[in-house]
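Undergrad: Got a structure for you, written out below as C-alpha coordinates; questions coming shortly.
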Amino acid sequence: MTSHVAFDVADCVPAGEGLSIDHIRRSLVTRRIGSQVYLFGEVSSTNVVLRRLAETGAADGTVVLAEAQTMGRGRLGKPWYSPAGLNLYASVLLRPAIAPAAVPVFAFISSLAVTDAVRAEGVPARIKWPNDVLVGERKVAGTLVTYAVAGEIVEYVILGIGVNLNVDRSALRPALGPAAAAATSLREAIGRRIDRNGFTVAFLECLERWDDQYRSRGPEPLMSAWRERDALTGRAVEIREDGASYAAEALGVNDDGRLVVEDARGVRHQVLTGEVVLRG
Ligand code: BTN
(Lines give C-alpha, C1' and ligand atoms only; values in the text may rest on other atoms or scores of the structure.)
Protein backbone atom coordinates (compact mmCIF):
# COMPACT_ATOMS: atom_id res chain seq x y z
CA MET A 1 0.00 0.00 0.00
CA THR A 2 1.25 3.47 -0.79
CA SER A 3 0.37 6.46 1.32
CA HIS A 4 1.82 9.93 1.46
CA VAL A 5 1.00 12.30 4.30
CA ALA A 6 1.66 16.02 4.54
CA PHE A 7 1.58 18.00 7.80
CA ASP A 8 2.21 21.64 8.57
CA VAL A 9 4.31 22.49 5.55
CA ALA A 10 6.05 25.76 6.43
CA ASP A 11 4.41 29.00 5.25
CA CYS A 12 7.87 30.48 4.91
CA VAL A 13 8.61 28.51 1.73
CA PRO A 14 7.80 30.58 -1.38
CA ALA A 15 4.94 29.12 -3.46
CA GLY A 16 6.23 26.71 -6.09
CA GLU A 17 9.53 26.17 -4.29
CA GLY A 18 8.31 23.95 -1.47
CA LEU A 19 8.65 20.21 -1.24
CA SER A 20 5.48 18.63 -2.54
CA ILE A 21 4.11 15.23 -1.56
CA ASP A 22 2.09 15.18 -4.79
CA HIS A 23 5.10 15.89 -6.94
CA ILE A 24 7.17 13.25 -5.17
CA ARG A 25 4.34 10.68 -5.38
CA ARG A 26 3.79 11.29 -9.09
CA SER A 27 7.46 10.99 -9.96
CA LEU A 28 8.84 8.34 -7.63
CA VAL A 29 9.41 4.94 -9.25
CA THR A 30 10.32 2.63 -6.36
CA ARG A 31 8.88 -0.48 -4.73
CA ARG A 32 9.86 -0.03 -1.08
CA ILE A 33 11.58 3.28 -0.42
CA GLY A 34 8.97 6.00 -0.25
CA SER A 35 6.02 3.60 0.05
CA GLN A 36 5.14 5.93 2.95
CA VAL A 37 6.33 9.54 2.83
CA TYR A 38 5.73 12.07 5.61
CA LEU A 39 6.45 15.74 4.96
CA PHE A 40 6.62 18.23 7.83
CA GLY A 41 7.14 21.98 7.93
CA GLU A 42 9.45 22.17 10.94
CA VAL A 43 10.57 19.32 13.18
CA SER A 44 13.30 18.94 15.77
CA SER A 45 14.98 16.32 13.58
CA THR A 46 13.61 14.03 10.89
CA ASN A 47 15.62 11.24 12.55
CA VAL A 48 13.79 11.76 15.85
CA VAL A 49 10.39 11.73 14.10
CA LEU A 50 11.23 8.60 12.12
CA ARG A 51 12.56 6.81 15.21
CA ARG A 52 9.15 7.29 16.84
CA LEU A 53 7.43 5.94 13.74
CA ALA A 54 9.84 2.99 13.61
CA GLU A 55 9.10 2.12 17.25
CA THR A 56 5.38 1.94 16.42
CA GLY A 57 5.87 -0.39 13.47
CA ALA A 58 6.45 1.86 10.41
CA ALA A 59 7.28 -0.13 7.30
CA ASP A 60 10.61 -0.72 5.61
CA GLY A 61 11.17 2.20 3.23
CA THR A 62 9.24 4.84 5.22
CA VAL A 63 10.59 8.35 4.55
CA VAL A 64 10.34 11.51 6.66
CA LEU A 65 11.08 14.87 5.05
CA ALA A 66 11.03 18.33 6.59
CA GLU A 67 11.34 21.87 5.29
CA ALA A 68 13.35 22.83 8.40
CA GLN A 69 14.87 21.26 11.51
CA THR A 70 15.45 22.98 14.82
CA MET A 71 17.74 20.27 16.26
CA GLY A 72 19.26 18.61 13.19
CA ARG A 73 22.26 16.51 14.18
CA GLY A 74 25.20 15.12 12.26
CA ARG A 75 28.05 12.72 13.00
CA LEU A 76 29.73 12.99 16.38
CA GLY A 77 26.70 14.88 17.73
CA LYS A 78 27.45 18.04 15.74
CA PRO A 79 24.54 20.35 14.90
CA TRP A 80 23.33 20.18 11.29
CA TYR A 81 22.38 23.61 9.93
CA SER A 82 18.81 23.22 8.64
CA PRO A 83 17.27 26.49 7.39
CA ALA A 84 13.73 26.37 5.99
CA GLY A 85 12.81 25.82 2.37
CA LEU A 86 16.29 25.53 0.88
CA ASN A 87 17.80 22.10 1.33
CA LEU A 88 16.99 18.42 1.75
CA TYR A 89 16.52 16.96 5.24
CA ALA A 90 15.42 13.36 4.96
CA SER A 91 15.33 10.20 7.05
CA VAL A 92 14.75 6.77 5.59
CA LEU A 93 13.76 3.67 7.56
CA LEU A 94 15.18 0.32 6.50
CA ARG A 95 14.53 -3.06 8.06
CA PRO A 96 17.32 -5.26 6.70
CA ALA A 97 17.79 -8.80 8.05
CA ILE A 98 21.39 -8.29 9.18
CA ALA A 99 23.59 -8.52 12.25
CA PRO A 100 24.70 -5.28 13.99
CA ALA A 101 28.26 -5.72 12.69
CA ALA A 102 26.99 -5.22 9.13
CA VAL A 103 25.36 -1.84 9.80
CA PRO A 104 28.34 0.36 8.70
CA VAL A 105 27.65 -0.67 5.08
CA PHE A 106 24.71 1.74 5.15
CA ALA A 107 27.08 4.71 5.37
CA PHE A 108 28.42 3.56 2.00
CA ILE A 109 24.98 2.85 0.52
CA SER A 110 23.63 6.27 1.50
CA SER A 111 26.69 8.20 0.28
CA LEU A 112 26.61 6.33 -3.05
CA ALA A 113 22.96 7.30 -3.51
CA VAL A 114 23.63 10.96 -2.66
CA THR A 115 26.58 11.14 -5.09
CA ASP A 116 24.40 9.58 -7.82
CA ALA A 117 21.75 12.26 -7.27
CA VAL A 118 24.39 15.03 -7.24
CA ARG A 119 25.99 13.64 -10.41
CA ALA A 120 22.54 13.59 -12.06
CA GLU A 121 22.58 17.40 -11.64
CA GLY A 122 25.71 17.42 -13.80
CA VAL A 123 28.36 17.88 -11.12
CA PRO A 124 31.13 15.42 -10.30
CA ALA A 125 30.91 14.38 -6.65
CA ARG A 126 33.19 12.26 -4.49
CA ILE A 127 32.95 10.83 -1.00
CA LYS A 128 35.12 11.67 1.98
CA TRP A 129 35.07 8.75 4.39
CA PRO A 130 32.74 7.75 5.79
CA ASN A 131 29.86 9.63 4.24
CA ASP A 132 30.57 13.26 3.42
CA VAL A 133 29.74 14.11 -0.18
CA LEU A 134 32.14 16.62 -1.69
CA VAL A 135 31.93 18.79 -4.76
CA GLY A 136 35.48 19.88 -5.42
CA GLU A 137 36.98 20.01 -1.93
CA ARG A 138 33.82 21.24 -0.21
CA LYS A 139 31.11 19.30 1.56
CA VAL A 140 27.59 19.52 0.15
CA ALA A 141 25.99 16.62 2.01
CA GLY A 142 26.34 14.29 4.95
CA THR A 143 24.57 11.16 6.04
CA LEU A 144 24.15 9.70 9.48
CA VAL A 145 23.42 6.02 10.18
CA THR A 146 21.67 5.03 13.40
CA TYR A 147 20.07 1.71 14.30
CA ALA A 148 18.22 -0.31 16.91
CA VAL A 149 18.82 -3.94 17.82
CA ALA A 150 16.57 -6.65 19.20
CA GLY A 151 18.84 -9.35 20.63
CA GLU A 152 21.41 -10.24 17.96
CA ILE A 153 19.36 -8.86 15.09
CA VAL A 154 19.03 -5.35 13.73
CA GLU A 155 15.46 -4.18 14.21
CA TYR A 156 15.81 -1.14 11.99
CA VAL A 157 18.31 1.26 10.47
CA ILE A 158 17.64 4.96 10.00
CA LEU A 159 19.57 6.84 7.34
CA GLY A 160 19.55 10.60 7.97
CA ILE A 161 20.52 12.66 4.95
CA GLY A 162 21.21 16.37 4.79
CA VAL A 163 22.05 17.98 1.44
CA ASN A 164 22.88 21.66 1.01
CA LEU A 165 20.92 22.31 -2.17
CA ASN A 166 20.07 26.00 -2.40
CA VAL A 167 21.50 27.57 0.74
CA ASP A 168 23.66 30.63 0.10
CA ARG A 169 27.34 30.63 1.01
CA SER A 170 26.72 33.92 2.82
CA ALA A 171 24.37 32.07 5.20
CA LEU A 172 26.86 29.27 5.85
CA ARG A 173 29.50 31.58 7.33
CA PRO A 174 27.48 32.85 10.30
CA ALA A 175 25.85 29.43 10.83
CA LEU A 176 28.92 27.19 10.66
CA GLY A 177 31.76 29.51 11.66
CA PRO A 178 35.21 28.41 10.42
CA ALA A 179 33.74 25.10 9.18
CA ALA A 180 31.96 27.10 6.45
CA ALA A 181 35.25 27.27 4.55
CA ALA A 182 34.92 23.54 3.85
CA ALA A 183 31.20 23.64 2.96
CA THR A 184 29.12 24.71 0.00
CA SER A 185 25.76 24.05 -1.65
CA LEU A 186 24.90 22.54 -5.01
CA ARG A 187 23.45 25.84 -6.16
CA GLU A 188 26.74 27.58 -5.37
CA ALA A 189 28.64 24.85 -7.23
CA ILE A 190 26.40 24.74 -10.32
CA GLY A 191 25.20 28.32 -10.48
CA ARG A 192 21.48 27.53 -10.75
CA ARG A 193 18.67 26.76 -8.32
CA ILE A 194 18.15 23.05 -7.65
CA ASP A 195 14.65 21.56 -7.91
CA ARG A 196 14.33 20.00 -4.46
CA ASN A 197 11.45 17.69 -5.41
CA GLY A 198 13.37 16.32 -8.39
CA PHE A 199 16.52 15.88 -6.31
CA THR A 200 14.59 14.08 -3.56
CA VAL A 201 13.04 11.66 -6.06
CA ALA A 202 16.40 10.96 -7.73
CA PHE A 203 18.01 10.33 -4.35
CA LEU A 204 15.30 7.93 -3.15
CA GLU A 205 15.38 5.97 -6.41
CA CYS A 206 19.18 5.65 -6.28
CA LEU A 207 18.98 4.61 -2.65
CA GLU A 208 16.57 1.79 -3.46
CA ARG A 209 18.83 0.57 -6.28
CA TRP A 210 21.90 0.40 -4.00
CA ASP A 211 19.92 -1.17 -1.16
CA ASP A 212 18.40 -3.75 -3.53
CA GLN A 213 21.84 -4.55 -4.85
CA TYR A 214 23.15 -4.98 -1.31
CA ARG A 215 20.25 -7.30 -0.41
CA SER A 216 20.77 -9.44 -3.51
CA ARG A 217 24.58 -9.41 -3.95
CA GLY A 218 26.07 -8.39 -0.62
CA PRO A 219 28.58 -5.61 0.07
CA GLU A 220 31.38 -6.28 -2.48
CA PRO A 221 29.91 -4.57 -5.59
CA LEU A 222 28.89 -1.48 -3.69
CA MET A 223 32.21 -1.25 -1.87
CA SER A 224 34.07 -1.33 -5.17
CA ALA A 225 31.75 1.42 -6.54
CA TRP A 226 32.37 3.40 -3.36
CA ARG A 227 36.16 3.07 -3.71
CA GLU A 228 35.93 4.60 -7.19
CA ARG A 229 34.38 7.71 -5.61
CA ASP A 230 36.75 7.83 -2.63
CA ALA A 231 38.14 11.35 -2.20
CA LEU A 232 40.77 10.41 0.39
CA THR A 233 43.02 7.62 -0.83
CA GLY A 234 46.57 8.89 -1.28
CA ARG A 235 45.78 12.20 0.44
CA ALA A 236 47.46 13.77 3.46
CA VAL A 237 44.95 13.94 6.29
CA GLU A 238 44.66 14.73 9.95
CA ILE A 239 42.83 12.18 12.08
CA ARG A 240 41.00 13.41 15.17
CA GLU A 241 39.85 10.58 17.40
CA ASP A 242 39.38 10.06 21.15
CA GLY A 243 40.63 13.57 21.99
CA ALA A 244 43.93 13.12 20.08
CA SER A 245 44.99 14.04 16.57
CA TYR A 246 47.76 12.94 14.22
CA ALA A 247 48.89 13.49 10.64
CA ALA A 248 48.67 10.55 8.27
CA GLU A 249 48.23 9.40 4.70
CA ALA A 250 44.92 7.81 3.77
CA LEU A 251 45.42 4.34 2.27
CA GLY A 252 41.81 3.39 1.59
CA VAL A 253 38.83 1.69 3.20
CA ASN A 254 38.96 -1.94 4.32
CA ASP A 255 36.16 -4.50 4.01
CA ASP A 256 34.89 -3.66 7.51
CA GLY A 257 34.34 -0.08 6.39
CA ARG A 258 37.22 1.34 8.42
CA LEU A 259 39.53 3.99 7.02
CA VAL A 260 43.11 2.71 6.92
CA VAL A 261 45.77 5.39 7.39
CA GLU A 262 49.53 5.39 7.88
CA ASP A 263 51.02 7.88 10.31
CA ALA A 264 54.38 9.68 9.99
CA ARG A 265 56.18 6.78 11.79
CA GLY A 266 54.81 4.27 9.30
CA VAL A 267 52.29 2.82 11.76
CA ARG A 268 48.95 1.81 10.26
CA HIS A 269 45.68 2.66 12.00
CA GLN A 270 42.12 1.62 11.29
CA VAL A 271 39.81 4.54 11.96
CA LEU A 272 36.24 3.71 12.95
CA THR A 273 34.62 6.79 14.44
CA GLY A 274 37.11 9.61 14.04
CA GLU A 275 37.00 12.84 12.10
CA VAL A 276 39.17 13.30 9.03
CA VAL A 277 40.49 16.69 7.94
CA LEU A 278 42.02 17.05 4.47
CA ARG A 279 45.55 18.47 4.64
CA GLY A 280 46.93 18.28 1.12
C1 BTN B 1 27.02 14.60 8.93
O2 BTN B 1 27.60 14.93 7.91
O3 BTN B 1 27.52 14.79 10.04
C4 BTN B 1 25.66 13.95 8.82
C5 BTN B 1 24.56 14.96 8.70
C6 BTN B 1 23.17 14.35 8.69
C7 BTN B 1 22.10 15.42 8.75
C8 BTN B 1 20.74 14.84 8.47
S9 BTN B 1 19.55 16.10 8.10
C10 BTN B 1 18.27 14.91 8.18
C11 BTN B 1 18.59 14.01 9.35
N12 BTN B 1 18.11 14.59 10.59
C13 BTN B 1 19.11 14.88 11.41
O14 BTN B 1 18.98 15.39 12.55
N15 BTN B 1 20.28 14.55 10.88
C16 BTN B 1 20.11 14.00 9.55
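The values are calculated or read from the model by the stated rules, or taken from the named source; none is laboratory data. Computed from a predicted model, the values in this text were never measured in an experiment. Reconstructed Cβ throughout: ideal geometry from the backbone, glycine too, with neighbour counts over all protein chains shown.
Undergrad: State the number of residues belonging to segment 176-202 that are touching a residue at least 12 places away in the same chain (Cβ under 8 Å), surrounded by 15 or more Cβ atoms within 10 Å (Cβ to Cβ) and assigned to a loop (DSSP other than H, G, I, E, B).
TA: Residues that pass the stated criteria total 3.
Undergrad: If you don't mind, there's one more thing I want to ask. Any chance segment 137-147 includes a residue that's modelled with pLDDT under 95, in contact with a strand residue (DSSP E or B) (Cβ under 8 Å, 6 or more places away or on another chain) and away from the ligand (no atom under 14 Å from the Cβ)?
TA: Yes, that holds for at least one residue.
Undergrad: Could you give every pair whose Cβ atoms fall below 7 Å, whose first residue belongs to segment 88-108 and is closer than 11 Å to V157 by Cβ, and whose second residue is modelled with pLDDT under 95 and within 14 Å of the ligand (Cβ to nearest atom), counting only separations of at least 6 or pairs across chains?
TA: Final answer for the pair search is A107/P130; A107/N131.
Undergrad: Kindly indicate which of R227, R235, R215 is exposed (fewer than 14 other Cβ atoms within 10 Å of the Cβ), touching a residue at least 40 places away in the same chain (Cβ under 8 Å) and not aromatic (F, W, Y). Give the steps one after another, and end with the answer.
TA: Numbers: R227 fails: touching a residue at least 40 places away in the same chain (Cβ under 8 Å); R235 fails: exposed (fewer than 14 other Cβ atoms within 10 Å of the Cβ).
So the residue among R227, R235, R215 that is exposed (fewer than 14 other Cβ atoms within 10 Å of the Cβ), touching a residue at least 40 places away in the same chain (Cβ under 8 Å) and not aromatic (F, W, Y) is R215.
Undergrad: With (1) in a helix (DSSP H, G or I); (2) of a type in the set (K, R); (3) under 17 Å from the mean Cα position of the chain (by Cα) as the list, and K139 as the residue in question, which single condition is left unmet?
TA: (1)
Undergrad: I would also like to ask the following. When you scan segment 142-170, how many residues do you find that are more than 18 Å from the chain's Cα centre (by Cα) and crowded, with 18+ Cβ neighbours inside 10 Å?
TA: Counting residues in segment 142-170 that are more than 18 Å from the chain's Cα centre (by Cα) and crowded, with 18+ Cβ neighbours inside 10 Å gives 1.
Undergrad: Go through the residues of segment 123-132 one by one and say whether even a single one is in contact with an Asp or Glu (Cβ under 9 Å, 6 or more places away or on another chain), within 13 Å of the ligand (Cβ to nearest atom) and without any contact (Cβ under 8 Å) to a residue 60 or more places away in the chain.
TA: Within segment 123-132, the subset in contact with an Asp or Glu (Cβ under 9 Å, 6 or more places away or on another chain) is 125-129.
Remaining after also requiring within 13 Å of the ligand (Cβ to nearest atom): 127-129.
Add one more test, that the residue is without any contact (Cβ under 8 Å) to a residue 60 or more places away in the chain, and what stays is none.
Taking every residue of segment 123-132 in turn, none turns out to be in contact with an Asp or Glu (Cβ under 9 Å, 6 or more places away or on another chain), within 13 Å of the ligand (Cβ to nearest atom) and without any contact (Cβ under 8 Å) to a residue 60 or more places away in the chain.
Undergrad: Quick one: in segment 52-82, which of the residues that are in contact (Cβ under 8 Å) with a residue 24 or more places away in the chain, assigned to a loop (DSSP other than H, G, I, E, B) and within 12 Å of the ligand (Cβ to nearest atom) is surrounded by the fewest Cβ atoms within 10 Å (Cβ to Cβ)?
TA: Selected residue: T70.
Undergrad: What is the number of the single condition among (1) on the phi < 0 side of the Ramachandran plot; (2) under 18 Å from the mean Cα position of the chain (by Cα); (3) not basic (K, R) that G257 does not meet?
TA: (1)
Undergrad: Can I ask one more? Confirm whether R173 is of a type outside the set (D, E), in a helix (DSSP H, G or I), at negative phi and surrounded by fewer than 20 Cβ atoms within 10 Å (Cβ to Cβ). Steps first, answer last, please.
TA: Working: of a type outside the set (D, E): yes; in a helix (DSSP H, G or I): yes; at negative phi: yes; surrounded by fewer than 20 Cβ atoms within 10 Å (Cβ to Cβ): yes.
Yes: the conditions hold for R173.
Undergrad: Return the residues of segment 83-117 that are among the aliphatic types (A, V, I, L, M) and either away from the ligand (no atom under 14 Å from the Cβ) or surrounded by fewer than 20 Cβ atoms within 10 Å (Cβ to Cβ) (or both); say none if nothing qualifies. If you could, list the steps in order and put the result at the bottom.
TA: Residues of segment 83-117 among the aliphatic types (A, V, I, L, M): 84, 86, 88, 90, 92-94, 97-99, 101-103, 105, 107, 109, 112-114, 117.
Hits for segment 83-117 are A84, L94, A97, I98, A99, A101, A102, V103, V105, I109, L112, A117.
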